[in-house]
Amino acid sequence: MSANESRNASTKGSPVNAPLLDVQGVSVVFGGLTAVHDFSMQVETGRIHALIGPNGAGKTTTFNCISRYYQPTTGRIVFGGMDVTHHRPHQMAALGVARTFQNLELFAELSVLDNVLLGAYSSVARTPQARLRAYDAETIDFAGHLIDRVGLGDFHRTAAKNLDFGRQKLLELARALAIRPRLLLLDEPAAGLRNREIESLDRMLTELAERDGITVLLVEHVMQLVMSISHRITVISFGEKIAEGTPDEVRGDPLVIEAYLGKGAAEAA
Ligand SMILES: Nc1ncnc2c1ncn2[C@@H]1O[C@H](COP(=O)(O)OP(=O)(O)O)[C@@H](O)[C@H]1O
Ligand SMILES: [Mg+2]
């Protein structure tokens, strides 16, 4: 802890906090391809932290390491002061790490309510069948409340597959919230959303951090959202960290502008 504390003590404008999440020198090699190389970042409790970078930079791979879907080739992942490098995904859920997926992973045939309930039990039972048997009234109430909170109040009984894309993303958010997360990992939550939906996502995430004390780590290409809600931004390019700081610091960083030349240049500028 003391090393982390001194690292954070030098962080401009933020209080001294032990990081909730500490990614230490993580590398991921797929066959011959190094997708992530010696990557480190710290996420402080209660903050909204964005991980940005061009397509293929290694953002989702990093998320998959943190949520324990991928095993890093080297490096360590520490959550709440505990080394979780070899934890299983359901153990991460039990510790309070929830995630959403870049390509939605919902149970298409099941209702909105059932999808959220499956999220609620993801830390206690591994198979969907076992989770469905575990339903209790209090959890059903809580799931209903989350569905209302993300704005899906009219759709409790609607099959997930019958929601439009934006609403499916909101459903994924409700499902992630159902584990009562300490850390929420969101992979491109604004992709495919309309402007009005992005504004409401902006408000929702800020409220989750400020009112509920949930720490948020998000991967996002919609710069308007990233710059508006993030306390801190880490930039990854070709698997390596190239910049880190406040939105203002990162926005003007020449390495960041260069990394975004081409596809994302307009968004970054
Ligand atoms: N399961 C996998 N097997 C092989 N290569 C992968 C796998 N997942 C990701 N990659 C590769 O790793 C690199 C980083 O991918 P990814 O983490 O998805 O990038 P990002 O989310 O930043 O767009 C890419 O070159 C991608 O093709
Ligand atoms: Mg990705």
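Using Cα positions and a limit of under 13 Å, work out the aspartates and glutamates in reach of Lys161, with same-chain residues fewer than 8 apart set aside.
Within the straight-line limit of under 13 Å, Lys161 reaches these aspartates and glutamates: Glu105, Glu109, Asp114, Glu172.
Name the longest site-free stretch of the chain, where the excluded sites are GluC sites (Glu not before Pro) in a DSSP loop with no more than 12 other beta-carbon atoms within 10 Å.
Between the exposed loop sites, the longest stretch runs 110-269.
Compute the distance from the alpha-carbon center of the range 61-117 to that of the range 145-160, in whole Å.
The two parts, judged by their Cα centres, are 23 Å apart.
Would you mind working out the magnitude of the charge dipole of the chain relative to its Cα centre, with +1 at each Lys and Arg C-beta and -1 at each Asp and Glu C-beta, to the nearest 20 Debye?
Dipole about the Cα centre, nearest 20: 500 debye.
Quick one: what do you get for the range 108-180 if you divide its Cα Rg by 2.2 N^0.38 Å?
0.98
Taking only the alpha carbons of the range 65-223, what extent do you get along each of the three principal axes, in Å, biggest first?
That gives 45, 42, 28 Å along the principal axes, largest extent first.
So which trypsin sites (Lys or Arg not before Pro) in the range 172-211 end up in coil per DSSP with only 13 or fewer other C-beta atoms within 10 Å?
Arg194, Arg211
Kirkwood hydrodynamic radius, computed over distinct alpha-carbon pairs, for the chain: how many Å, to one decimal?
Hydrodynamic radius (Kirkwood, Cα only) of the chain equals 19.0 Å.
Placing +1 at every Lys and Arg Cβ and -1 at every Asp and Glu Cβ, with all other atoms neutral, what dipole size does the range 108-180 have around its Cα centre, in debye to the nearest 20?
Computed about the Cα centre, the dipole is about 240 debye.
For the chain, build the charge dipole from Cβ charges (+1 Lys, Arg; -1 Asp, Glu) around the Cα centre, then report which of Leu225, Val29, Ala191 sits farthest towards its positive end.
Of the options given, the answer is Val29.
Values in this text are rule-based calculations from the coordinates and carry no lab data. From a predicted model like this one, the values you see are computed outputs, not experimental measurements. Because the Cβ atoms are built from the backbone with ideal geometry, glycine has one as well, and the counts that use them run over all protein chains shown.
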